[in-house]
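Asker: Below is one structure. I have some questions about it.
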Amino acid sequence: MSNVTSYDLVVVGSGPAGQKAAIQGAKAGKSVAIIELDRELGGACVHRGTIPSKTLRENALRVKNMRLNAELAQFELAEDVELVTLIDRLDDVLDAHDHYMRNQIERNQVDLLHGKASFVSSKEIEIKSVRGESRKIHFQKMVIASGSIPRHPGNIAIDHEHIFDSDSILSMLYLPRSLSVLGGGVIASEYASIFQALGVQVTMIDKYPKPLGFLDDDLCTTFVNAFESMGGRWLGNSVVKQAYWDGLSHVVVELENGDQVKSEKLLCAAGRIANVKILDIEKADLQLNERGLLSVDENLQTAVEGIYAAGDIIGPPSLASASMEQGRRAVCNAFDLPVGSMSQMIPTGIYSIPELSSVGLTEDQAKKQCGEPIIGIAKFNEIARGQISGSQQGMLKIVCDNQGQKVLGVSIVGEGATELVHIGQMAILSEANVDIFVESIFNFPTLAEAYRVAALAVIAKRGNRVNSY
Amino acid sequence: MLMEINQLAQTLVESFNKKIHSNDIEIPLLSEVASRVIRLTQDSESGAEDLAKLIQSDQTLAAHVMRIANSANYSPNSSLVSLQQAIARLGMRVIADIALAASINSKIFSAPGYSDFIAQQLKFSLHSGVWAKEVARECRRNVEAAFLAGLLHDIGKPVAIHVVINYLQSKNRELPRQEFLQIVSLLGRKLNGFVARKWELPNTVCEIVEHFNDYEQAGKAKESTMIVVAGAHFAQQYSNIEGREALSTDEFLASAVFADLNLYPDDIAVLTEKADLVRQTVEAMSA
């Protein structure tokens, strides 16, 4: 039985972007509906990505640290430990998150519609339930926040049994003895280092010379060195011809140079594309751009008036933090609400082992923008806390302007990077000079002291009052 | 008549309970399966893939191999959860030895007049396993475990057949075919969980087998049980096995388990398109 209902705002997708969009609309007094095709709220971020992988990462870190401290405890991970044991408490975490989200949605009187959405026109959407029932609803404004799905290259026979994508990799029941990871981006780097830390023999394969190419070379090199020191293998400049299951016990990766890499399982992390397959966006006069994403203007509006998009579906940075802000902004723009003074500066956090994080300009970007930035670097093995906690594999880099004054960017690799970066973020936002890190007192011993060491390096290079501190 | 069948089933369960205490539970193999194992393991020309296929295609052989592979002799420090894992961990040479030992040492089905029925049951379990794989794949859940659980979801049935035939022979009694099938079905359902636990099959399989007829009570195993139930539904609908009547399309699509698994009509349509592929896979595995 079809019902026609009308809302001020319809949001497709309940991930980070969709959630914030819906709540913003509700708080502005609009009638709002969220359409979600899964039974649970939160999208890929909660159920297939961020939360499960970070939970796994925490245990991978514990395992790695326990192995490093073998003198304190004879530790070895149980043979064939089930993956569910390593992603412990995940059900509790997900239940708590779902419960919290439902409460928030209910409290804000947002209607939650469970079903698959598809456009009828640029003002009407059809929702089909799991039982095949259909209803149509009109909307004044729409935010498409349906997220992304893994890209499946044609030469990789992904079967979610031996060859996985990033949505299915955590469906494995047990840790494989060996794993090939195709790709050099964030997801590939995170999973490759996490599984290597758990004792899986991991080979990362990518066509580019180094992973995480959007970061500075020295950070990438530090990451690769750390990965290889755990036993991992990085095969850069390697083009994959095809990958397939041999029918018995191995996945075979054939490289264009004639080499073969065999492993028990394989993760294909070849990027993610907009999740619009079921949306029938053409009926709303929308189409994907050449990168397979939805294009939006500076107000996050698509080419169709009244239809906005936010989150992974519009492309990088594809971070939950950015998506949340995009969702909120899209609705503010849609209803001419004040956007507020939320900063545009979004740090990047990569939850590999070790972590990487960056905010503001990288060294490469600063060189392009201002010519001769002054760089200061602190190595974690020079910091007392780095030695004490065994986090010697790390570095912190401060990028300053040509005068060595203003902080333009901070990049960090090493444990705690995703927390430490916020100190640099605050300095950039307050337009502080790098001297602030020397003029301020940090707790001792902490990794944050790396800011002081890096700042001193900048100051030394700018040639001012070398011995003042 | 139903009461008599229920009473007989109860008698057989009690008789079976005694066997449990004496550790005397048999899952018989088909003679031709045992013969093929022996042939393949002795033939230096045959590839490991043929034996792997055979093990994965036969419910009772798979149960034997998992039981032995998971025993202290072979896996003292770990618990294997799928046939694929067993092959990867132990290697096909060891798996071949296990399969050979099982084939030589196990009871063989001796059920004159019922060999077709037994073959159909085993074929249905294979269809269920392959379909459970496809449902798991669609749901992005573990495919290996779904296959094993689908294959073994009615592992009680071959035991039930064996128990009923032995009982009837011991009492010099016969049953009309229809009643024989009814009692095997009843007894098989009662024995599923028993057999899975007694044979120390992987915990995931035990949970699924125990709750197959009531997945709402499966707790943390609810989703994986639903996947296997859905797989069995597809097998019932598309296996074209004699005695397995397909539902009408509407009845099939209205199966509660599909909605509970969040499978939309178009998801079911995608799965349905695999019917030929599944039949071909089953034929290839059974060849």
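The values are calculated or read from the model by the stated rules, or taken from the named source; none is laboratory data. Since this is a predicted model, take the numbers as computed values, not measurements. Note that each Cβ is placed from the backbone with ideal geometry, even for glycine, and that neighbours are counted across all protein chains shown. For accessibility, only protein heavy atoms count, side chains too; no ligands or nucleic acids. Shrake-Rupley method; radii C 1.70, N 1.55, O 1.52, S 1.80 Å.
Asker: State whether the residues of segment B:196-207 include one that is among the acidic types (Asp, Glu), over 21 Å from B:Leu247 (Cβ atoms) and modelled with pLDDT of 90 or more.
Answerer: Taking segment B:196-207 first, the residues among the acidic types (Asp, Glu) are B:200, B:207.
Applying the additional criterion that residues be over 21 Å from B:Leu247 (Cβ atoms) yields B:200, B:207.
Of the ones still in play, those that are also modelled with pLDDT of 90 or more are B:207.
For segment B:196-207, residues among the acidic types (Asp, Glu), over 21 Å from B:Leu247 (Cβ atoms) and modelled with pLDDT of 90 or more: present.
Asker: Looking at (1) of a type in the set (Lys, Arg); (2) within 15 Å of B:Leu263 (Cα to Cα); (3) modelled with pLDDT under 95, which one does A:Lys116 not meet, given that it meets all the others?
Answerer: Only one criterion in (1) of a type in the set (Lys, Arg); (2) within 15 Å of B:Leu263 (Cα to Cα); (3) modelled with pLDDT under 95 is unmet by A:Lys116, namely (3).
Asker: Limited to segment B:141-164, what total is found for residues that are out of contact with any Phe, Trp or Tyr (no Cβ under 9 Å at 6 or more places or on another chain) and not in a helix (DSSP H, G or I)?
Answerer: 2
Asker: Looking at A:Val224, A:Val253, A:Val261, A:Val239, can you tell me which residue is open to solvent by 60 Å² or more (accessible area, probe 1.4 Å) and hydrophobic (A, V, I, L, M, F, W, C)? Quick ask: steps written out before the conclusion?
Answerer: Details: A:Val224 fails: open to solvent by 60 Å² or more (accessible area, probe 1.4 Å); A:Val253 fails: open to solvent by 60 Å² or more (accessible area, probe 1.4 Å); A:Val261 fails: open to solvent by 60 Å² or more (accessible area, probe 1.4 Å).
Matching residue, one of A:Val224, A:Val253, A:Val261, A:Val239: A:Val239.
Asker: Let me ask something additional. If you take the residues in segment A:176-204 that are in contact with an Asp or Glu (Cβ under 8 Å, 6 or more places away or on another chain) and among the hydrophobic types (A, V, I, L, M, F, W, C), which one is farthest from A:Val63 (Cα to Cα)? Spell out how you get there, then give the answer.
Answerer: Start the filter on segment A:176-204 by keeping residues that are in contact with an Asp or Glu (Cβ under 8 Å, 6 or more places away or on another chain), which leaves A:176-179, A:182-184, A:188.
When the remaining residues are screened for being among the hydrophobic types (A, V, I, L, M, F, W, C), the result is A:179, A:182, A:188.
Working: A:Leu179: 18, A:Leu182: 24, A:Ala188: 20 Å.
Among residues in segment A:176-204 that are in contact with an Asp or Glu (Cβ under 8 Å, 6 or more places away or on another chain) and among the hydrophobic types (A, V, I, L, M, F, W, C), the one farthest from A:Val63 (Cα to Cα) is A:Leu182.
Asker: Hey, among A:Ala330, A:Ala378, A:Ala303, which residue is at pLDDT 95 or above and in a strand (DSSP E or B)?
Answerer: Numbers: A:Ala330 fails: in a strand (DSSP E or B); A:Ala303 fails: in a strand (DSSP E or B).
Within the list A:Ala330, A:Ala378, A:Ala303, the selection yields A:Ala378.
Asker: Can you confirm whether segment B:138-159 contains a residue that is without any contact (Cβ under 8 Å) to a residue 24 or more places away in the chain, within 14 Å of another protein chain (Cβ to nearest Cβ) and either touching a Lys or Arg at 6+ places or on another chain (Cβ under 7 Å) or crowded, with 17+ Cβ neighbours inside 10 Å (or both)? Step through it out loud before you land on a result.
Answerer: Step one: of segment B:138-159, the residues without any contact (Cβ under 8 Å) to a residue 24 or more places away in the chain are B:140, B:143.
In the following step, the residues that additionally are within 14 Å of another protein chain (Cβ to nearest Cβ) were identified as B:140, B:143.
Right, trim to either touching a Lys or Arg at 6+ places or on another chain (Cβ under 7 Å) or crowded, with 17+ Cβ neighbours inside 10 Å (or both) and you get B:140, B:143.
The answer is yes; a qualifying residue exists.
Asker: Here's another thing I want to ask about it. Would you mind finding the one in B:Ala284, B:Ala221 that is of a type in the set (Gly, Ala, Ser), within 14 Å of chain A (Cβ to nearest Cβ) and touching a residue at least 24 places away in the same chain (Cβ under 8 Å)?
Answerer: Details: B:Ala221 fails: touching a residue at least 24 places away in the same chain (Cβ under 8 Å).
The match here is B:Ala284.
Asker: Another question, if that's okay. Select from segment B:40-70 the residues that are among the small types (Gly, Ala, Ser) and assigned to a helix (DSSP H, G or I) and write down the one among them that is farthest from the other protein chains (Cβ to nearest Cβ).
Answerer: Residues of segment B:40-70 among the small types (Gly, Ala, Ser): B:44, B:46-48, B:52, B:57, B:62-63, B:69.
From what is left, the residues that are assigned to a helix (DSSP H, G or I) are B:48, B:52, B:57, B:62-63, B:69.
Working: B:Ala48: 6, B:Ala52: 6, B:Ser57: 14, B:Ala62: 16, B:Ala63: 18, B:Ala69: 11 Å.
Filtering first and then ranking leaves B:Ala63.
Asker: Report those strands (runs of 3 or more DSSP E) wholly inside segment A:194-283 carrying at least 1 residues which are under 24 Å from the mean Cα position of the chain (by Cα).
Answerer: Details: elements: A:201-205, A:233-235, A:240-245, A:251-255, A:260-263, A:265-268, A:272-274.
So the answer is A:201-205, A:233-235, A:265-268, A:272-274.
Asker: Take segment A:153-164 and flag every residue that is of a type outside the set (Val, Ile, Thr) and either away from chain B (no Cβ under 14 Å) or crowded, with 18+ Cβ neighbours inside 10 Å (or both). First the steps, then the outcome.
Answerer: Filtering segment A:153-164 for residues of a type outside the set (Val, Ile, Thr) gives A:153-155, A:157, A:159-162, A:164.
Selection gives A:Pro153, A:Gly154, A:Asn155, A:His160, A:Glu161, A:His162, A:Phe164.
Asker: Filter segment A:284-296 down to residues that are open to solvent by 60 Å² or more (accessible area, probe 1.4 Å) and under 23 Å from the mean Cα position of the chain (by Cα), then give me how many there are. Steps first, please.
Answerer: First, pick out the residues of segment A:284-296 that are open to solvent by 60 Å² or more (accessible area, probe 1.4 Å): A:285, A:287-288, A:290-291, A:295.
Now narrow it down to the ones that are under 23 Å from the mean Cα position of the chain (by Cα): A:288, A:290-291, A:295.
Counting residues in segment A:284-296 that are open to solvent by 60 Å² or more (accessible area, probe 1.4 Å) and under 23 Å from the mean Cα position of the chain (by Cα) gives 4.
Asker: If you don't mind, there's one more thing I want to ask. Find the residue count for segment A:314-340, including only residues that are open to solvent by less than 50 Å² (accessible area, probe 1.4 Å) and acidic (Asp, Glu).
Answerer: Counting residues in segment A:314-340 that are open to solvent by less than 50 Å² (accessible area, probe 1.4 Å) and acidic (Asp, Glu) gives 1.
Asker: Here is a follow-up. Mind checking which residues of segment A:25-50 are open to solvent by 40 Å² or more (accessible area, probe 1.4 Å), in contact (Cβ under 8 Å) with a residue 60 or more places away in the chain and not in a loop (DSSP other than H, G, I, E, B)?
Answerer: Selection gives A:Lys27, A:Thr50.
Asker: If I filter segment B:71-106 down to residues being in a loop (DSSP other than H, G, I, E, B) and in contact with a helix residue (DSSP H, G or I) (Cβ under 7 Å, 6 or more places away or on another chain), which single residue comes out as most open to solvent (accessible area, probe 1.4 Å)? Walk me through how you get there before you give the answer.
Answerer: The first filter runs over segment B:71-106 and keeps only residues in a loop (DSSP other than H, G, I, E, B), leaving B:71-82, B:106.
Imposing the further condition that a residue be in contact with a helix residue (DSSP H, G or I) (Cβ under 7 Å, 6 or more places away or on another chain) reduces the set to B:74-75, B:80-82, B:106.
On the way: B:Tyr74: 88, B:Ser75: 9, B:Leu80: 1, B:Val81: 4, B:Ser82: 1, B:Ser106: 18 Å².
Top of the filtered list is B:Tyr74.
Asker: Would you check if there is a residue in segment A:386-399 being open to solvent by 20 Å² or more (accessible area, probe 1.4 Å) and farther than 30 Å from A:Phe227 by Cβ?
Answerer: No.
Asker: Taking A:Lys123 as the residue in question, decide whether it is open to solvent by 40 Å² or more (accessible area, probe 1.4 Å) and basic (Lys, Arg). Give the steps one after another, and end with the answer.
Answerer: Values: open to solvent by 40 Å² or more (accessible area, probe 1.4 Å): yes; basic (Lys, Arg): yes.
In short, yes.
Asker: Considering segment B:229-271 alone, what residues qualify as being part of a helix (DSSP H, G or I), away from chain A (no Cβ under 13 Å) and surrounded by 17 or more Cβ atoms within 10 Å (Cβ to Cβ)? Spell out how you get there, then give the answer.
Answerer: Looking only at segment B:229-271, we keep the residues that are part of a helix (DSSP H, G or I), and these are B:229-238, B:249-253, B:256-260, B:265-271.
From the residues that got through so far, the ones that are away from chain A (no Cβ under 13 Å) too are B:229, B:231-238, B:251, B:271.
The answer is B:Val229, B:Gly231, B:Ala232, B:His233, B:Phe234, B:Ala235, B:Gln236, B:Gln237, B:Tyr238, B:Leu271.
Asker: Can you work out which of the residues in segment B:98-117 that are within 16 Å of B:Leu54 (Cα to Cα) and touching a residue at least 40 places away in the same chain (Cβ under 8 Å) is nearest to the other protein chains (Cβ to nearest Cβ)? Steps first, please.
Answerer: Going residue by residue through segment B:98-117, those that are within 16 Å of B:Leu54 (Cα to Cα) are B:98-104.
Those still in the list that are touching a residue at least 40 places away in the same chain (Cβ under 8 Å) too: B:99-100, B:102-104.
On the way: B:Ala99: 15, B:Leu100: 18, B:Ala102: 20, B:Ser103: 20, B:Ile104: 24 Å.
That would be B:Ala99.
Asker: To continue, here is another question. Among what's in segment A:127-152 and is hydroxyl-bearing (Ser, Thr, Tyr) and in a strand (DSSP E or B), pick the residue that is farthest from the other protein chains (Cβ to nearest Cβ). Lay out the reasoning, then the answer.
Answerer: Kept after step one, since they are hydroxyl-bearing (Ser, Thr, Tyr), are these residues of segment A:127-152: A:129, A:134, A:146, A:148.
Of the ones still in play, those that are also in a strand (DSSP E or B) are A:134, A:148.
Numbers: A:Ser134: 10, A:Ser148: 15 Å.
Within segment A:127-152, the match that is farthest from the other protein chains (Cβ to nearest Cβ) is A:Ser148.
Asker: If you don't mind, another one. Go through segment A:173-199 and give me each residue that's modelled with pLDDT under 95, within 14 Å of another protein chain (Cβ to nearest Cβ) and open to solvent by less than 10 Å² (accessible area, probe 1.4 Å).
Answerer: A:Tyr174, A:Pro176
Asker: Can A:Asp167 be described as open to solvent by 30 Å² or more (accessible area, probe 1.4 Å), of a type outside the set (Val, Ile, Thr) and not in a strand (DSSP E or B)?
Answerer: So A:Asp167 does not fit the description; no.
Asker: Here's another thing I want to ask about it. Being among the charged types (D, E, K, R) and under 13 Å from A:Lys207 (Cβ atoms) is the filter here; which residues of segment A:231-250 pass it? Walk me through how you get there before you give the answer.
Answerer: Filtering segment A:231-250 down to residues among the charged types (D, E, K, R) leaves A:233, A:241, A:246.
Within segment A:231-250, A:Lys241 is the sole residue that qualifies.
Asker: Still on this structure, please answer the following. In this structure, does B:Leu175 turn out to be of a type in the set (A, V, I, L, M) and within 17 Å of the chain's Cα centre (by Cα)?
Answerer: On the way: of a type in the set (A, V, I, L, M): yes; within 17 Å of the chain's Cα centre (by Cα): no.
Considered against the rule, which asks whether it is of a type in the set (A, V, I, L, M) and within 17 Å of the chain's Cα centre (by Cα), B:Leu175 comes out as no.
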